[in-house]
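Below is one structure, written out as structure tokens; comments come after it.
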Amino acid sequence: MPGFYSEVCDFAGSCPSRLAFLISAGVISVLLAGVALIGLLQQINVLTDINVYICGFLALWWGITAGVASSPRTYGGGIINVGLLSVWLAFLGSIAAAVGAAAGAGWFMGAGGGVGGGEGRAASEHDVEEEPVLDDDKPRAGSVSTDGDAEVA
């Protein structure tokens with residue numbers, strides 16, 4: 001994305017402030033996404049802990065950037081906006097990353113009726129009900145006999 005906007009600035013001979021913002025948005029996003037990716041791949045606890053905040057900031061950042069890129073005042077003189085699609089895809093991707101990071105950090109646990117039973121914790125072996133043990137060897141309703149024929153009571 002920064003390539004398109006930097007070429008527009010080269011072609012125009014100057015770089016208006018909105019286009020400069022779009023170029024810097026791409027550069028800043030690449031740097032922050034690189035930090036988040038290094039934290040995930042290298043399992044650095046400090047970076048893994050702040051990954052939710054990095055992804056949340058990127059979602060907000062790309063939301064603002066998509067608004068600036070979508071503004072008719074951004075492109076004067078009839079310049080065709082080829083980079084608009086990439087800005088909106090970056091916004092949607094950053095929202096997906098923020099939701100995924102929040103889910104990975106357990107932020108959605110305990111939101112009611114979830115796996116943890118709404119108590120803000122993960123399900124454990126104590127949460128699973130055991131099946132009752134039957135003492136006799138009588139076939140039960142819905143059971144299949146061992147010889148492959150259905151039993152008739």
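Structure data summary
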| item | result |
| --- | --- |
| Difference of contour (0.36 nm per residue) and Cα-Cα distance, S17 to L31 | 3.0 nm |
| Highest average packing first - 59-72, 27-40, Cβ atoms within 10 Å | 59-72, 27-40 |
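Taken together, the values in this text are just the output of simple stated rules run on the coordinates, not laboratory data. These numbers were taken from a predicted model, which means no experiment stands behind them. Cβ: placed from backbone, ideal geometry, glycine included. Neighbour counts: every protein chain shown.
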